[in-house]
Amino acid sequence: MPPRWPRQPTRQDPAFRKLDDRMNFAVHVAIFAAVNSGIWFFRIFLLAAWGWTVWFTGIWALGLVAHALYIFAIADYSDSAPSKG
């Protein structure tokens with residue numbers, strides 16, 4: 001059963017923004033794992049002479065770490081909308 005949001009989801013809702021950013025990070029990790037495991041499979045098991053795979057994985061991993069640092073340490077999910085009333 002898919003998760004249900006108790007109210008209308010908008011990017012102005014801090015809780016939804018936090019959840020959305022974490023789900024996007026999870027998708028980023030999944031794509032990283034799928035692409036890099038395929039590349040390394042070809043390099044190791046099919047003996048492809050791909051010297052660029054180390055750089056490709058390293059640069060993407062640094063991007064992934066930067067993404068995680070932003071999501072889990074830097075992002076401010078406080079209510080930025082003016083209160084009603």
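For (1) of a type in the set (Gly, Ala, Ser); (2) touching a Pro at 6+ places or on another chain (Cβ under 9 Å), each residue gets a yes or a no:
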{"residue": "Ser37", "(1), (2)": "yes, no"}
{"residue": "Ala49", "(1), (2)": "yes, no"}
{"residue": "Val54", "(1), (2)": "no, no"}
{"residue": "Ile59", "(1), (2)": "no, no"}
{"residue": "Ala66", "(1), (2)": "yes, no"}
{"residue": "Tyr77", "(1), (2)": "no, yes"}
**Prompt:** Quick check: anything in the stretch 51-58 exposed (fewer than 10 other Cβ atoms within 10 Å of the Cβ), at pLDDT below 85 and not in a helix (DSSP H, G or I)?
**Reply:** no
**Prompt:** Here are some residues: Ala73, Ala66. Which one is modelled with pLDDT of 85 or more, within 18 Å of Pro14 (Cα to Cα) and either within 20 Å of the chain's Cα centre (by Cα) or not in a helix (DSSP H, G or I) (or both)?
**Reply:** Ala73
**Item:** Scope the stretch 36-81; condition of a type in the set (D, E, K, R) and touching a residue at least 12 places away in the same chain (Cβ under 8 Å); matching residues
**Value:** Asp79
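When the residues of the stretch 1-31 are filtered to those that are of a type in the set (Lys, Arg) and without any contact (Cβ under 8 Å) to a residue 12 or more places away in the chain, which remaining residue is surrounded by the fewest Cβ atoms within 10 Å (Cβ to Cβ)?
Residues of the stretch 1-31 of a type in the set (Lys, Arg): 4, 7, 11, 17-18, 22.
Then drop every residue that is not without any contact (Cβ under 8 Å) to a residue 12 or more places away in the chain, which leaves 4, 7, 11.
Values: Arg4: 5, Arg7: 8, Arg11: 9.
Residue satisfying both the conditions and the ranking: Arg4.
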**Subset of the stretch 9-50 (residues that are outside any loop (DSSP other than H, G, I, E, B) and of a type in the set (Val, Ile, Thr))** = Val27, Val29, Ile31, Val35, Ile39, Ile44
**Prompt:** Are any residues in the stretch 60-72 surrounded by 11 or more Cβ atoms within 10 Å (Cβ to Cβ) and out of contact with any helix residue (DSSP H, G or I) (no Cβ under 7 Å at 6 or more places or on another chain), and if so, which ones?
**Reply:** Ala61, Gly63, Ala66, Leu69, Tyr70, Phe72
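The values are calculated or read from the model by the stated rules, or taken from the named source; none is laboratory data. Everything numeric in this text was worked out from a predicted model, so none of it was measured. All Cβ positions, glycine included, derive from the backbone under ideal geometry; neighbour counts span all protein chains shown.
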